[in-house]
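Before any comments, here is the structure.
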There are 2 protein chains.
Amino acid sequence: MQLLKDKIIKEGQALSSTVLKVDTFLNHQIDPLLMKEIGHEFATRFSDEVITKVLTIESSGIAPSTMLGLEIGAPVVFARKRKSLTLSDNLYTSQVHSFTKNVTSDIAVSRDFLNADDNIIIIDDFLANGEAVKGLLDIAAQAGAHVVGVGIVIEKGFQDGGKKLREQGVRIESLAIVESLEEGKVTFVEEETK
Amino acid sequence: MQLLKDKIIKEGQALSSTVLKVDTFLNHQIDPLLMKEIGHEFATRFSDEVITKVLTIESSGIAPSTMLGLEIGAPVVFARKRKSLTLSDNLYTSQVHSFTKNVTSDIAVSRDFLNADDNIIIIDDFLANGEAVKGLLDIAAQAGAHVVGVGIVIEKGFQDGGKKLREQGVRIESLAIVESLEEGKVTFVEEETK
């Protein structure tokens, strides 16, 4: 997605060979118009599928997911990273390890919002080691739901999460695949794989 | 906002005299079309103001804020509830106590995204004791920014956060003000105060 890649080149900061900071439009400050375009792009790429629910994880997945949900007319469910007191014990749970933050979080989704009739698209801001997506796939499997695929805003192509998931037969659509962050310079994989 | 009140009556659950669960459309599952209407309603109520930035707090404030930001053409900044490793120390910080969860969280916003030239609208899903809004007002004050007002999706009118903030001269626009949750029944304050 050229608009996204241009934004990453203009505003992204390669803080190290593995950390890309995109706080100006995705992770802390949000560019709503770009989120709308991202939602539209996901909808277009998955237009061959009937999607009943968008599944994501708080917090940075929420804005692009909401725009996608608006476009395709489907509700969004975001997994919570810890249990809230107003959620009862009626939960699907899994675990997600963040290598960036070096913490393992419990994630949870109410059983009220996913079931065996659902055709789910999983959305997240980043795909690196694939931990968050694996956790969400686990939750979808617990619900007996069908996952049509995974939409990722930025994939770190130099980490192996995407490769492993594709080898398992998961359809991944990444709007920008970063090839390298070496020497503070962001380069992209030319063709997005499907 | 009648559409919102109807949704609360239809899907909200008064779990106790103080806890209203709206997980089906706002706090866990999100209704994107309702979020769009909510964004539009905030834009309409504050159409007399020039707004340069929407300030909210993760996670449930993000969806309505992004829709508002899209409508008025302003970026959204969401305060994080704890420090992320990809954020440097260049932060405005404050503290927010949640009576529902009985925890005090540090909240943080990068200094890169708020400054003295900003006209900020603060958005949140709930207003009860006013703790989250006070934390966001504190952060806006640290930035030297002007706050044009606060937009709230659901105010608990039987708790005193809204009253105290209005007494301090803060403009609060709440789209639904709950009068009571007694006996499992949700009732609203008839006229939304300004």
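Every number here is computed from the coordinates shown, using simple stated rules; none is lab data. Everything numeric in this text was worked out from a predicted model, so none of it was measured. Don't worry about glycine lacking a Cβ; one is built from the backbone with ideal geometry, like all the others, and counts go over all protein chains shown.
The single condition among (1) under 22 Å from A:Met67 (Cα atoms); (2) within 14 Å of chain B (Cβ to nearest Cβ) that A:Ile122 does not satisfy is (2).
Per the conditions (1) in contact (Cβ under 8 Å) with a residue 24 or more places away in the chain; (2) under 25 Å from A:Met67 (Cα atoms); (3) not aliphatic (A, V, I, L, M), the sole criterion not satisfied by A:Gln159 is (2). When A:Leu34, A:Leu15, A:Leu4, A:Leu20 are screened for being more than 27 Å from A:Val147 (Cα to Cα) and buried (at least 18 other Cβ atoms within 10 Å of the Cβ), only A:Leu20 passes. As a summary of the residue check, A:His28 satisfies the conditions (1) under 22 Å from A:Asn119 (Cβ atoms); (2) in contact with a strand residue (DSSP E or B) (Cβ under 9 Å, 6 or more places away or on another chain) except for the one numbered (1).
Answer yes or no as to whether B:Glu167 is surrounded by fewer than 21 Cβ atoms within 10 Å (Cβ to Cβ) and touching a Phe, Trp or Tyr at 6+ places or on another chain (Cβ under 8 Å).
Details: surrounded by fewer than 21 Cβ atoms within 10 Å (Cβ to Cβ): yes; touching a Phe, Trp or Tyr at 6+ places or on another chain (Cβ under 8 Å): no.
Spelling it out, it is not the case that B:Glu167 is surrounded by fewer than 21 Cβ atoms within 10 Å (Cβ to Cβ) and touching a Phe, Trp or Tyr at 6+ places or on another chain (Cβ under 8 Å).
On inspection, A:Asp48 passes the criterion of being farther than 23 Å from B:Leu26 by Cα and surrounded by fewer than 24 Cβ atoms within 10 Å (Cβ to Cβ). In this structure, B:Ala116 does not satisfy being within 12 Å of chain A (Cβ to nearest Cβ), more than 14 Å from A:Ile30 (Cβ to Cβ) and among the hydrophobic types (A, V, I, L, M, F, W, C).
Consider the stretch B:134-157. How many of its residues are at positive phi and in contact with an Asp or Glu (Cβ under 7 Å, 6 or more places away or on another chain)? Write out each step before concluding.
To start, the set of residues in the stretch B:134-157 that are at positive phi comprises B:144, B:149.
Still in the list and also in contact with an Asp or Glu (Cβ under 7 Å, 6 or more places away or on another chain): B:149.
Of the residues in that region, 1 qualify.
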